[in-house]
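The values are calculated or read from the model by the stated rules, or taken from the named source; none is laboratory data. Nothing here was measured: the structure is a model prediction, and the numbers come from that model. Cβ coordinates were reconstructed from backbone atoms using ideal geometry, including for glycine residues, and neighbour counts include every protein chain displayed. Surface accessibility is based on the protein's heavy atoms, side chains included, excluding ligands, DNA and RNA. Shrake-Rupley method; radii C 1.70, N 1.55, O 1.52, S 1.80 Å.
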Amino acid sequence: MWQKLKPYVIFIGASLTVGGLSALFTGRSMDSYSKLIQPSFAPPGWLFPVVWTMLFILMGIGAARVYIAAGPRSSASLALFFAQLAVNFCWSIFFFRLEARLFAFVWLLLLLTLVLFMAAEFKKSDKNAALLQLPYILWLCFAGYLNLSIYLLNG
């Protein structure tokens, strides 16, 4: 039983750890988010950790499925998984802590590109692993629009 669960625990744990560390390094800087001029479609601040937790779990499940499938493409898929996690880690630090909103937007485009490539690679090993990344892709598109809008509204 443990052998079947182990990849899920490892990959979900890695994803959630990256998210948690990013939040830790962002620190109290998220408090400044509520003070920014917000576009009308901006969700409340409490929603972000809820959504990100779900997304980190989905990306971890996807990576575990690819690892279990152990096809010839799994190493490329998992390399993209870890690369996008590293880029993801930095985004909130750029946006919140450093207040580099335009740079954060460009960084988010890099993240979205990596996730699209990751999902395409996942699909080669496990179609469901790729499908699990669709909420992440959609959220990144929304986050990019929100990021750019906040930059434009706040200069």
Overall form of the stretch 13-65 per C-alpha gyration tensor (a/c, 1.5; a/b vs b/c) | oblate
Could you work out the relative contact order of the stretch 65-140, using alpha carbon pairs under 8 angstrom and six or more residues apart, expressed as a whole percent?
-> 37 percent
Pulled fully out, how much extra length does the chain show between THR53 and MET30, if you take 0.36 nm times their separation in residues and subtract their Cα-Cα distance?
-> 6.7 nm
Sorted by mean Cβ packing within 10 Å, highest first, what order do the peptides 121-128, 62-69 take?
-> 62-69, 121-128
Relative contact order (%) - criterion: Cα under 8 Å, at least six apart; region: the chain | 31 percent
Answer label, with semi-axes √(5λ) of the Cα gyration tensor in Å calculated from the coordinates and candidates (i) 30, 16, 12; (ii) 50, 27, 10; (iii) 24, 19, 14 | (i)
Qualifying lysines (Cα of each under 18 Å from Cα of LYS127; at least 8 residues distant if same chain) = none
First compute the accessible area of the chain with a 1.4 Å probe, then give the percent of it belonging to carbon and sulfur atoms.
-> 72 percent
Order of exposure, largest accessible area first, which applies to PHE103, PHE48, PHE41 with probe 1.4 Å | PHE103, PHE41, PHE48
Averaged per residue, the 1.4 Å probe accessible area of the chain, protein heavy atoms only, in Å², is roughly 53 Å²
Shape of the stretch 103-144, Cα gyration tensor, a/c cut at 1.5 | oblate
